[in-house]
Amino acid sequence: MKEEVTFSARGRTLEARILSEIDHHTARRIRERIDSRLFLDKPDVLIMDFSSVRFMDSSGLGLILGRVERASGLGSTVRLTGLSDTLYKLIRLSGLERVKNLSVVK
């Protein structure tokens with residue numbers, strides 16, 4: 001099975017680079033992997049890098065919102081990076097960019 005997410009940590013920042021499409025089949029596995037590292041590292045900032053993601057459905061929106069809720073519970077914030085124009089538009093249309101403790105960097 002292809003790796004769906006990789007991690008790198010720098011100081012109090014944890015970066016999760018998502019490497020696959022995000023749909024209802026992959027979202028659960030990605031969520032579990034990110035949550036495990038989030039609870040282990042307890043970073044100040046969780047960066048979710050979408051630069052390798054070419055497709056995301058509504059499961060991806062749930063994945064993001066759930067990670068913001070989990071991170072907030074640990075005192076962390078979430079930053080989205082590497083968004084394609086299409087993914088950025090999806091984030092904007094969904095209203096996620098207005099969620100507390102979430103910043104979106106195109």
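List the residue pairs whose Cβ atoms are under 8 Å apart, where the first residue sits in the range 7-35 and is of a type in the set (Ser, Thr, Tyr), the second is surrounded by 12 or more Cβ atoms within 10 Å (Cβ to Cβ) and assigned to a loop (DSSP other than H, G, I, E, B), and the two are 6 or more positions apart or on different chains.
THR13/PRO43; THR13/ASP44; SER20/GLU4; SER20/SER52; SER20/VAL53; THR26/GLU4; THR26/SER20
Listed here are the residues, each with its yes/no results for (1) surrounded by 14 or more Cβ atoms within 10 Å (Cβ to Cβ); (2) over 19 Å from LEU90 (Cβ atoms); (3) not acidic (Asp, Glu).
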residue	(1), (2), (3)
THR6	no, yes, yes
ALA9	no, yes, yes
ARG12	no, yes, yes
GLU21	yes, no, no
ARG29	no, yes, yes
ARG37	yes, yes, yes
PRO43	yes, yes, yes
PHE50	yes, no, yes
MET56	yes, no, yes
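What are the pairs with Cβ atoms under 9 angstrom where one residue, in the range 95-106, is exposed (fewer than 15 other Cβ atoms within 10 Å of the Cβ) and the other, located anywhere, is modelled with pLDDT under 95? Sequence gap at least six, or different chains.
Pairs found: SER103/GLU97.
May I ask you to say which residue of VAL105, VAL5, VAL99, VAL78 is of a type in the set (A, V, I, L, M), out of contact with any Phe, Trp or Tyr (no Cβ under 6 Å at 6 or more places or on another chain) and modelled with pLDDT under 95? Let's see the steps before the verdict.
Details: VAL5 fails: modelled with pLDDT under 95; VAL99 fails: modelled with pLDDT under 95; VAL78 fails: modelled with pLDDT under 95.
When all the criteria are applied, what remains is VAL105.
If we keep just the residues of the range 1-38 that are of a type in the set (Asp, Glu) and under 13 Å from the mean Cα position of the chain (by Cα), which is farthest from LEU74 (Cα to Cα)?
Looking only at the range 1-38, we keep the residues that are of a type in the set (Asp, Glu), and these are 3-4, 15, 21, 23, 32, 35.
From the residues that got through so far, the ones that are under 13 Å from the mean Cα position of the chain (by Cα) too are 4, 15, 21, 32, 35.
Numbers: GLU4: 24, GLU15: 16, GLU21: 27, GLU32: 16, ASP35: 11 Å.
Here the residue is GLU21.
Residues in the range 63-84 that are more than 15 Å from ARG28 (Cα to Cα), touching a helix residue (DSSP H, G or I) at 6+ places or on another chain (Cβ under 8 Å) and loosely packed, with under 15 Cβ neighbours inside 10 Å: how many?
Residues in the range 63-84 being more than 15 Å from ARG28 (Cα to Cα), touching a helix residue (DSSP H, G or I) at 6+ places or on another chain (Cβ under 8 Å) and loosely packed, with under 15 Cβ neighbours inside 10 Å: 1 in total.
The values are calculated or read from the model by the stated rules, or taken from the named source; none is laboratory data. Here the structure is a predicted model, which is why all the values come from computation and not from measurement. Cβ atoms come from the backbone with ideal geometry, glycine included; neighbour counts cover every protein chain shown.
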